[in-house]
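Got a structure for you, written out below as structure tokens; questions coming shortly.
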Amino acid sequence: MIQDFSQPVESKARLANIDIIRGVALLGILVMNVQAFSMNFSTYMNPTVYGDLTGINYYVYFFSHLLADQKFMSIFSMLFGAGIVLMAQNIEEKGGNAKKIHYKRMVILAAFGLAHAYLLWFGDILFPYAISGMIIFLARNKSPKFLLITGVSLIALCSLMFLLTSFGLPYMTEHDLAEMMAMWSPSKELIEQDLTANRASWVGQMDQRLIMAAISQENLVFYLPRVIGLMMIGMALFKMDFFGEKFDTRALLITGIAACVVASFLIVIGVNESFARGWDLPTMFTESQYNYWGSMLMALGYMCLLVCFCRVSVLAKFKMLLANVGRMALTNYLLHTFICGFVFYGWGLGFYGSFERVEQISLVVVIWIFQLLFS
């Protein structure tokens, strides 16, 4: 039975709104992740590392960075936090032990994440989400004010760590700087090694995958405060009934548009400065700050607009499809890995390093259509 999304948002409809927004975020995440599947991972951060960056390929990069990079991941993180509060409330209302069930779920999610990272794709988010979920559960009963202030403070802490790293670059050893450069702007030899490894069989790809997964785990300290902070903001938004009827539609619409405009302005400044500097090493820590903060502002804008979208009496069937994607978030997230892994890695079709950016985004659209229908 198709739910009537044109009706006033009540408790069940509020859950549907969260599912719709989660579905949009899940699909949007693939816009950036496809780059990490299909090309050297450094290209995700530094677009000049590999692949054509002219004509339509430049515009695919530019708009992917502007509209998707860290935006949908930020939404996904906030919804994860909101989901923790929601699930705990539901369990406690039924007389269950929310703490026991939550930590059991997080342990299982962490196990899935480690298996995902070391067996399939190093770019896993399930493990850091599980660790963050274990920590954030302790704050589920805090006030929205506490959650918002603490969340923003943690996000700022993560930003500060990156800035302090940039200040320390002149004092680092040549070995440390060489390791950073290998990740930020790898040599042609390193890129060729990466291409060979990822075009190999699953076993042949093993060493490269294990190295990248280990590096990702080591870097948790740099981005975990941001993830936890976003989850806390999501908790606060849920408690403020952001996903329900509390906030006026017109106010949400104006806020959403304004947030996206200001965020776009910041992100464009960062892109222009990065190109002007030739994407040198300090760019990773300084110019990236524009998108770091702009992405969160745009994520908030997206959520405001999506809540408005959920309220209007149009595209009910399409909203149902998006909600289904959101309800199957874990399955669809893992499907991204299986589909992209099959297309790009040597244990499948082996197109790693062969797709231009415009071809990558075309594949994304195909996967979107499949997941909307499959879910």
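Please count how many residues of region 321-375 are more than 30 Å from T196 (Cα to Cα) and of a type in the set (D, E).
Residues flagged as more than 30 Å from T196 (Cα to Cα) and of a type in the set (D, E) within region 321-375 amount to 0.
Return yes when I215 is open to solvent by less than 50 Å² (accessible area, probe 1.4 Å) and hydrophobic (A, V, I, L, M, F, W, C) and no when it is not.
yes
Given the condition more than 13 Å from the chain's Cα centre (by Cα) and closer than 29 Å to R357 by Cα, answer yes or no: does some residue in region 85-103 qualify? Show your work before the answer.
Filtering region 85-103 down to residues more than 13 Å from the chain's Cα centre (by Cα) leaves 85-103.
Then drop every residue that is not closer than 29 Å to R357 by Cα, which leaves none.
The answer is no, given that none of the residues of region 85-103 is more than 13 Å from the chain's Cα centre (by Cα) and closer than 29 Å to R357 by Cα.
Quick one: count up the residues across region 112-137 that are hydrophobic (A, V, I, L, M, F, W, C) and open to solvent by 60 Å² or more (accessible area, probe 1.4 Å).
Applying the first criterion (hydrophobic (A, V, I, L, M, F, W, C)) to region 112-137 yields 112, 114-115, 117, 119-122, 125-127, 130-131, 134-137.
If we keep only those that are open to solvent by 60 Å² or more (accessible area, probe 1.4 Å) too, we end up with 112, 114, 119, 135.
Here the count works out to 4.
Can you confirm whether Q289 is more than 30 Å from G244 (Cβ to Cβ), open to solvent by 10 Å² or more (accessible area, probe 1.4 Å) and either in contact (Cβ under 8 Å) with a residue 60 or more places away in the chain or basic (K, R) (or both)? Can you show your working first?
On the way: more than 30 Å from G244 (Cβ to Cβ): yes; open to solvent by 10 Å² or more (accessible area, probe 1.4 Å): yes; either in contact (Cβ under 8 Å) with a residue 60 or more places away in the chain or basic (K, R) (or both): yes.
Taking the combined requirement at face value, the residue satisfies it.
Another one. Given the conditions (1) in contact with a Lys or Arg (Cβ under 7 Å, 6 or more places away or on another chain); (2) farther than 20 Å from V24 by Cβ; (3) crowded, with 17+ Cβ neighbours inside 10 Å, report the number of the one that A329 does not fulfil.
That leaves (2) as the condition not met.
While we're here: With respect to R311, determine if the residue is without any contact (Cβ under 8 Å) to a residue 24 or more places away in the chain, surrounded by fewer than 21 Cβ atoms within 10 Å (Cβ to Cβ) and among the basic types (K, R).
Details: without any contact (Cβ under 8 Å) to a residue 24 or more places away in the chain: no; surrounded by fewer than 21 Cβ atoms within 10 Å (Cβ to Cβ): yes; among the basic types (K, R): yes.
So R311 fails the test.
If I ask for residues that are under 27 Å from Q35 (Cβ atoms) and of a type in the set (S, T, Y), which ones from region 118-174 would you list?
Y118, Y129, S132, S159, T165, S166, listed by residue number.
Tell me, yes or no, whether region 312-331 has at least one residue that is modelled with pLDDT under 95, farther than 30 Å from M240 by Cα and in a helix (DSSP H, G or I).
Scanning region 312-331 turns up no residue that is modelled with pLDDT under 95, farther than 30 Å from M240 by Cα and in a helix (DSSP H, G or I).
Return the pair list, or none, for Cβ contacts closer than 6 Å from residues in region 249-275 that are more than 18 Å from Q70 (Cβ to Cβ) to residues that are in a helix (DSSP H, G or I), at least 6 apart or on different chains.
Every condition considered, the pairs that remain are T249/C308; T249/R311; L252/C304; L252/V307; L252/C308; L253/C308; T255/C304.
Of all residues in region 348-371, count the ones that are crowded, with 17+ Cβ neighbours inside 10 Å and either without any contact (Cβ under 8 Å) to a residue 40 or more places away in the chain or farther than 27 Å from Y58 by Cβ (or both).
1
From I75, I56, which residue is crowded, with 19+ Cβ neighbours inside 10 Å and among the β-branched types (V, I, T)?
I75
Could you grab me the full set of residues in region 296-308 that are open to solvent by less than 10 Å² (accessible area, probe 1.4 Å) and closer than 18 Å to G151 by Cα?
Correct list: M298, A299, G301, M303.
Scan region 15-53 residue by residue and report those that are hydroxyl-bearing (S, T, Y) and buried (at least 21 other Cβ atoms within 10 Å of the Cβ).
Within region 15-53, S38, S42, T43 qualify.
Here's another thing I want to ask about it. Which ones in region 69-111 are farther than 21 Å from M235 by Cβ and in contact (Cβ under 8 Å) with a residue 60 or more places away in the chain?
Passing the criteria: only D69.
Then there's this: Kindly provide the set of residues from region 169-212 that are of a type in the set (D, E), within 27 Å of the chain's Cα centre (by Cα) and open to solvent by 40 Å² or more (accessible area, probe 1.4 Å), ordered by number.
Answer for region 169-212, where residues must be of a type in the set (D, E), within 27 Å of the chain's Cα centre (by Cα) and open to solvent by 40 Å² or more (accessible area, probe 1.4 Å): E179, D207.
The values are calculated or read from the model by the stated rules, or taken from the named source; none is laboratory data. Owing to the predicted nature of the structure, the values given are computational and were not obtained by experimental measurement. When we count neighbours, we look across all protein chains shown, and the Cβ atoms used for this are built from the backbone with ideal geometry, even at glycine. These area figures cover heavy atoms from the full protein model, side chains too; ligands, DNA and RNA do not enter into them. Shrake-Rupley method; radii C 1.70, N 1.55, O 1.52, S 1.80 Å.
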